[in-house]
Structure formats: structure tokens, C-alpha cells
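The values are calculated or read from the model by the stated rules, or taken from the named source; none is laboratory data. These figures come from a predicted structure and were not determined experimentally. Here the Cβ positions follow ideal geometry from the backbone for every residue, glycine too, while neighbour counts run over all protein chains shown. Ligands, DNA and RNA are excluded from the accessible area calculation, which covers all protein heavy atoms including side chains. Shrake-Rupley method; radii C 1.70, N 1.55, O 1.52, S 1.80 Å.
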Amino acid sequence: MSKGGASIPDEEWERFLREAEAGSAGAPEEPSARARMVTRRIQEEPGPPEGWRTHTPVRRRSGRSWYALGLVVAVVLLVAVAVAPGRIIGWFDGGDAVDTPPLAAESERPDGPPAQEADGPRPTPDEPFAGSPAARWADGAAGIHLPAPRATGWMSETEVGEALDRTRDFLVASSLDPAVLRGERPAKALALINPHQSDVQDYLKKAFRSPDRENDPLLLFSRFRSADVRPAGDVVKTRGRITFREGEKGAVEVTTDVTYVYPVLRASGDDDEVARTIVRRETVLSWDDPAKIVIEPGTFSLVSYKLDTTNGGCDTYTGYLIPAFLADRTTADGGDGPAVDPYDRSTPIEERMRAGDGEGCDVATRS
């Protein structure tokens, strides 16, 4: 092969192909329930206190029969796949080029809501997050950012790391487990809560037996009635973070702030309308020192839990999220509170509550 009269020896050509191949890997308006909040500070007494989907672009192997122009194109493609695999895949599929790289993990509170897309595409069973900021969020547990552990309170660095992992296990078991989403009892999540924390155990018993405003299982668990809806696909989009600090009596106090986006379809019929329910929870839990607090190994004590939902039912306390579809909505569903963006994570739930009156239903600007 030649360029400008210069010949490329076979061994140089082979070396180029090997290096190119080694370096070609792809880089990686609806009603909204007013934020419902139950904040329970634990009064410590002498007695009981207390992977989802990934995509790697297809690589096309180089051939020695290419000429100079083909070689240049090959190098350009290798660079382009590494920078924007989504756009190149669009070319090969013959469809529109779409460049939607996933967002980096949320390691700190954002300073504003995600950009509003004008006239975005409507969700479909194949693309249930279309037209939503959640389209760029991570899938499942991958969207929950874990900080680097460090020795804190009574725990070593390794123990803090284990506590953070178990905290995320609780979030997965309470808000992402398919069986729990179908309305089954969240046994794995319940097993992580300190059984000696009597006030919380009383709340849990009442919540699953006869839910009401103060004893609502949705404060901690995401549940849909399977007779009414079914998931649109097997992905729940998430965005959030876990932080920690030293709490009372040397405990490691862990705070979780995560937004979950659940796409659902009607359980029966041929209707392919996708409704999205958006749930944000802020939960504070305490990994207590067993030398100071009555607690079972591997469990935590609940400090507080807050909930904000969009299209999950307003002023309904059935123990289940109740998404509304277009045909279900009336002008009376418009809400009587201020407009809120359920994807805006720049404001804590409690601060959002203070902006309104704490009662009634807000109006979601998008879902």
C-alpha cells in the first residue's frame, strides 16, 4: 500500500493494525402528591431504642486490502466510537443519529433542575423514558452514588464501607426489587431494620395492616397493585446519592436521597400508553454502636424518612402507588398547590414543602 509514493512494509502494516484494534474499545401536566413526610427522631432510652443494561459498540475488524482513504476513515471511526458510540450506532442502523451519553454519578446536590426539552417524544413500551430527563439516568442500583468510606465514629473504614453497601442493599430491596414492586411484602428490606426499635416496628405493622396518612408503607417502600398495572420493561431509572457522618453516641449516620422513575402499563387490555410514576425519598438511618444501643448485628435504626411522589396518587392511603393514565384524569386532578418539577433534585424535600402549605396536591410540570 502506498501514499505519496512511499511504501509501507508488511511488518509496519501488521503493527499498525494490532495497535489500532487494541485501542478501539468503546468508552464506556399531571397531579403530584405533596411531599408526605414523617420525621421520627429516635429517642434512645436505657431499654430498646434502640447491572443492569450496558452496550458496547460493535467493532469492525480492519482488512489489509483497504487503501489510504479507507485507512483514514477507519481511524476516524475508531475515535468517533470512543467519543460518541450512540451517534455511530445510529449511522449503522440507518436511523437518526442520537447522542445521549449517560450522566455522571451525582456526587453532590445539583444547583438546578435538568433542562426542559420542548415537545419531546412520548414514551412507548419500547422507549418508556423517552422525552424524560431519566433517559440519561442510570439503571437501578447503578444510579445510586456511594462515597468512599473512611473511619467514622465507632466503625473502621472497612466497616463503614460495609454499612454503605448494606444501605444500598436496603434501597434496592425496598424500591427496586421486582417482587416488592408487584406489591409483595419487602421481607429483605424489613430484615435490615433494627427489630428493637419499637416505634418503627409499630409503624411497620400498622402500615401493612391498615395504611393511613401517618402509617403509609410508601414512605419507605415502592409498591404497585399488580391487578392494576404492570412494568413497562425491566428497568427503573434512578438518580441519587448516599452520604454519611458521625451521629449521636458515635453512630455512623447515613443519609440517602434518591429519585426513582417507574414506567408502567395497564395490567390488562391492548392500551400501550406508558405512565411514569416518580418517587423521591430522603431517608436517614443510623448504624449504631451495639455497645451503646440495643440493636441486632447488621441492622440499622431509622432516624427519619420523607417522601415526594408524582403520579402515584394524591391523598390516597392504600399502601400502593396509583398512577393515572390520560383517560383517568379530569380537570379536578390538576392539583391545588404550586407547580413543581419532579426531576429537580436541587432542593431538599423539606424545603420544597415549606414553599407550599404542606397540604394538598402540587402540579407537576412534567413526568
Inset, instruction - Using a Förster distance of 30 angstrom, determine the FRET efficiency expected from the C-beta separation of GLN116 and LEU326, and round it to 0.05. - result: 0.90
Inset, instruction - Note down the nm distance, to one decimal, between modelled labels 7 Å out along Cα→Cβ at ALA151 and at THR255. - result: 2.5
Inset, instruction - Between ARG185 and LYS206, with labels modelled 7 Å along Cα→Cβ, what's the label distance in nm to one decimal, could you check? - result: 2.0
Inset, instruction - Go ahead and collect, in residue order, the members of segment 241-257 whose backbone nitrogen is under 12 Å from a label point 7 Å along the Cα-Cβ direction of LYS292. - result: 246-253
Inset, instruction - Please label the shape of segment 209-302 as rounded, prolate or oblate, based on the square roots a ≥ b ≥ c of the eigenvalues of the alpha-carbon gyration tensor (a/c under 1.5 means rounded; beyond that, a/b larger than b/c means prolate, else oblate). - result: prolate
Inset, instruction - Provide the gained length on full extension for the span THR316 to GLU214, in nm with one decimal, where the gain is 0.36 nm per separating residue minus the Cα-Cα distance. - result: 35.5 nm
Inset, instruction - Determine how large the accessible area of ASP272 is when every protein chain is in place; take a 1.4 Å probe and give Å² rounded to the nearest 10. - result: 100
Legend entry - For LYS249, solvent-accessible area (1.4 Å; no DNA, RNA or ligand), Å²: 100
Legend entry - Test item: Cα-centred dipole of segment 101-192, Lys/Arg +1 and Asp/Glu -1 on Cβ, debye: 280
Legend entry - Over 27 Å between alpha carbons, listed pairs LYS206/LYS292; LYS205/LYS306; LYS188/LYS237; LYS206/LYS237; LYS237/LYS292: LYS206/LYS292; LYS206/LYS237; LYS237/LYS292
Legend entry - Sequence ranges 153-165, 281-293, ranked by mean other-Cβ count within 10 angstrom, highest first: 281-293, 153-165
Inset, instruction - Quote to one decimal, in nm, the extra length available between ASP344 and GLU159 on full extension: 0.36 nm per residue of separation minus the C-alpha distance between them. - result: 63.3 nm
Inset, instruction - Can you pull the one-decimal nm distance between simple spin-label points at GLU351 and THR124, each 7 Å off the Cα toward Cβ? - result: 3.9
Legend entry - Where PHE244, PHE300 fall by accessible area, highest first, once all protein chains stay in place (1.4 Å): PHE244, PHE300
